[in-house]
Amino acid sequence: MTLSRLALVAACALIGALVSRPSLAQALPIFDAHLHYNDEAREPFPVPSVLALFREHGVRTILATSRPNDGTRALAAAAHAAPAAAPRVVPFIRPYRNHADRATWFRDPAIYALIESELERDIGWRGIGEFHVFGAADAGTPQVKRIVDLAVSRGLWLHAHCDEAALEALYRHDPRVQIVWAHSGFTVAPARLREWLERHPTLVGELSYRYDVTSDGRMTDAWRELFVRHPGRFLLGSDTWINDRWSRYGEIVAIYRSWLAQLPRDVAEAIAHGNGERLFPRR
Ligand SMILES: [Zn+2]
């Protein structure tokens, strides 16, 4: 092969790599591990319209929660009725009846009763959350301990929006508890996150609102290093906690795809859907 021909082949290979990487990311199925279908979303975004959103944006599986839990039941029923037109639903019990419960659930006995009654009306619940708790005192209540014990004994996951002190307290209740850390702690730096992941093998980081993964569209070195070191420990999420997030659902997924395209293929596949499917297998 002549030098110029060699250069041409190399150039083509480079162009091929640049062109195909984003399109591979476009094609990746998505496991949405942080989804709320709350009561205020149901009228502007009825079930058929959210199912259409999932299909349009390649969302294969959703970890669904809602306040109250009827929204999750509606999604699970729709998926059961028409599996080809809906994502697989991994339902989590939300320990909130209303907004106010967010501030008191961890010491309100009515919430423990709510969790028990939801478990009795079992729709295949896989976890409890997303719940919010901050500081060691609130996460250290006897009721949170009971919920952790219940989760461990039933093989349920927790989906916790919490700070590091609360995370520490959850693991102090029982180091075996399986936790999806909502927003990966929101502001916890990648190096610190790595310490948490290495200390607790049952912890996975969910990545909604982590706009710090990229800077001017490029993945930062710190995040890339962490994803490549621990590809099995991250999940994506839309976090449709307000209706505006439903309006921007496609944009949220597109942002994920833009940085997944910057990762090695196997790492991108794991984070996009492989980890979720492995941790929450069909049953
Ligand atoms: Zn949330």
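What follows draws every value from the coordinates through simple rules; no lab data is involved. Every value quoted in this text rests on a predicted model; they were computed, and no experiment measured them. Please note: Cβ atoms are built from the backbone with ideal geometry, for glycine as well, and neighbour counts cover all protein chains shown.
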Q) Among Asp70, Asp244, Asp138, which one shows the biggest mean-square fluctuation in a GNM of the chain, springs joining Cα atoms closer than 10 Å? A) Asp244
**Q.** Distant-in-sequence amide H partners of Thr240 (H built 1.01 Å from N, under 5 Å)
**A.** His36
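Given a Förster radius of 35 Å and the C-beta distance between Gln143 and Glu195 as r, what FRET efficiency does 1/(1 + (r/R0)^6) yield to the nearest 0.05?
Working: r = 28 Å, r/R0 = 0.81.
Plugging the Cβ-Cβ distance into 1/(1 + (r/R0)^6) gives 0.80.
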**Q.** With Cα atoms, 0 to 90° folded angle of helix 3-27 axis to the chain main axis
**A.** 20
Q) Which residues' amide hydrogens lie under 5 Å from the amide hydrogen of Trp157, considering only partners 5 or more residues apart or on another chain, with H built in the peptide plane? A) Gly127, Ile128
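Suppose we keep just the DSSP beta bridges with both residues in the chain; what percent of those would be antiparallel, to 5?
Details: 2 of 29 bridges.
Counting only bridges with both partners in the chain, antiparallel ones make up about 5 percent.
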Q) Pairing the Cα long axis of helix 249-260 with the longest principal axis of the chain, what angle in degrees results, from 0 to 90 and rounded to the nearest 10? A) 50
Q: Enter the angle in degrees (range 0 to 90, nearest 10) between the Cα long axis of helix 190-199 and the first principal axis of the Cα atoms of the chain, meaning the one along which they spread out most.
A: 60
**Q.** Spin-label proximity, Thr214 to the range 244-267 - amide N less than 15 Å from point 7 Å beyond Cα toward beta carbon
**A.** 250-264
**Q.** Cα-only radius of gyration and Dmax that characterise the range 29-279, units Å
**A.** 17.2, 48
Q) Restricting to the range 150-230, what percent of DSSP beta bridges are antiparallel, rounded to 5? A) 20
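How much length is gained if the chain between Glu168 and Arg154 is pulled fully straight, taking 0.36 nm per residue apart and subtracting their Cα-Cα distance, in nm to one decimal? Don't skip to the answer; put the middle values down first.
Numbers: separation 14, 0.36 × 14 = 5.04 nm, distance 2.13 nm.
Here the answer is 2.9 nm.
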Q. Label Ala81 and Ala103 with points 7 Å out from Cα along Cα→Cβ: what is the distance between them in nm?
A. 3.8
Q: Can you tell me the relative contact order of the range 29-279? Whole percent, Cα pairs under 8 Å, sequence separation 6 or more.
A: 19
Q) What ranking do Glu206, Glu118, Glu195 get, fewest neighbouring Cβ atoms within 10 angstrom at the top? A) Glu195, Glu118, Glu206
**Q.** Test item: Cα-centred dipole of the chain, Lys/Arg +1 and Asp/Glu -1 on Cβ, debye
**A.** 760
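Would you order Trp181, Trp246 from fewest to most other beta-carbon atoms within 10 Å of each residue's own beta-carbon?
Details: Trp181 28, Trp246 21.
Least crowded to most crowded, the residues run Trp246, Trp181.
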Q. What ranking do Phe134, Phe280, Phe54 get, fewest neighbouring Cβ atoms within 10 angstrom at the top?
A. Phe134, Phe280, Phe54
